[in-house]
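Please treat every number below as a calculation from the coordinates, not as lab data. What you see is a predicted model; the values in this text were computed from it and never measured. All Cβ positions, glycine included, derive from the backbone under ideal geometry; neighbour counts span all protein chains shown.
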Amino acid sequence: LTGRDDATRFFDAIARRYDRVYAPSREETERRLARVLRELSPASRVLDLGVGTGRELPALLDAGHSPVGVDVSTKMLALCARRSRPVPLLKGDLWEPMPWDDASFDAVLALHGTLSHPPSAEARAALPGEVARVLRPGGILVAEVPTIAWFERMARQAGTSVARLDDGRGRFTDDATGATVEASFLSEDEWRALFASALAVRTEAAEVGEILIVGRRQTS
Ligand SMILES: C[S@@+](CC[C@H](N)C(=O)[O-])C[C@H]1O[C@@H](n2cnc3c(N)ncnc32)[C@H](O)[C@@H]1O
């Protein structure tokens, strides 16, 4: 995989198209966020990995949670800062060790394709442990993770294209800008196994080709 620079370039390039072309509709967003909010305890400190343009922030704030957003794309973060009521936003790479103490958050979110672009299989394997570390015991991860079917649906919907490479990887191209990004195409079982290395995990089928992962940090 080509890594973080690849994802940064891609999301910087498509930032101004993201809400219009890539984000789920308002109705789908409401449905998905209701599913996420159900998992959170009241007044949660929430780490939102890949916060993007902040699509999920109004619902989190309205529900009384305190989100902190992280994103690797300056352009996505700039749009996010304009959209949202002020929340702490940090430019950073979610595949790197995180700059927070152990047990800093009640919940970690990674929504809508955010976990698709790891720089390496090793970085991907390290993420669940790092998420578990920053979660308090009993804290919760909610991630929407894609399979190849999700990418194919997105490609049809957004007028983009997707090509399979070897090793469960693919290349996603935004036709309007020509920006491309590598993605990893894990199966539902592979995603579940990845997070089960550090959290007590359940999965549900979410939207077409997408899986909802809910993982809890064990209390002992
Ligand atoms: C598909 S968007 C999802 C945005 C938002 N969470 C939503 O649901 O609308 C994925 C986001 O993850 C960010 N991202 C991708 N790789 C990242 C990385 N290595 N570190 C931090 N953010 C990353 C992208 O810049 C982009 O804003």
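Taking region 206-220 and a reference point 7 angstrom along Cα→Cβ of TRP100, the backbone N atoms nearer than 16 Å belong to 215-218.
From the square roots a ≥ b ≥ c of the eigenvalues of the alpha-carbon gyration tensor of region 2-42, which class results: rounded (a/c under 1.5), prolate (a/b over b/c), or oblate? Cα axes put region 2-42 in the oblate bin.
The phi-based Karplus calculation (6.51 cos²θ - 1.76 cosθ + 1.60; θ = phi - 60°) puts the 3J(HN,Hα) values of region 170-183 at x, 10, 10, 10, 8, 5, 5, 9, x, 5, 10, 8, 7, 9 Hz, whole numbers, x for Gly and Pro. Could you tell me which of rounded, prolate or oblate describes region 32-86, using a ≥ b ≥ c as the square roots of the eigenvalues of the alpha-carbon gyration tensor, with rounded for a/c under 1.5 and, failing that, prolate when a/b is larger than b/c and oblate otherwise? Note, shape of region 32-86 comes out prolate. The distance from the alpha carbon centre of region 122-170 to that of region 71-85 is 21 Å, rounded to a whole number. Here the contact order of the chain, divided by its residue count and restricted to Cα pairs under 8 Å and six or more residues apart, works out to 21 percent.
In terms of the Cα gyration tensor, with a ≥ b ≥ c the square roots of its eigenvalues, is region 128-197 rounded because a/c is under 1.5, prolate because a/b exceeds b/c, or oblate? Could the numbers behind the result be given before it?
Details: a/c = 2.67, a/b = 2.15, b/c = 1.24.
Here region 128-197 falls in the prolate category.
Based on DSSP H segments of at least four residues, each scored -39500 (n - 2.57), the chain has a per-residue ellipticity at 222 nm of -10500 deg cm²/dmol.
Using R₀ = 30 Å, calculate the FRET efficiency as 1/(1 + (r/R₀)^6) where r is the Cβ-Cβ separation of LEU165 and THR74; round to 0.05. Let's see the in-between values first.
On the way: r = 27 Å, r/R0 = 0.92.
Once the sixth-power term is evaluated, E becomes 0.65.
The share of C-alpha pairs in region 84-182 whose separation exceeds 17 Å stands at 61 percent.
Two-decimal Rg/Rh of the chain from alpha-carbon positions, Kirkwood Rh?
0.93
Close amide H contacts of VAL72 (hydrogens built in the peptide plane, cut-off under 5 Å, sequence separation of 5 or more or a different chain): GLY92.
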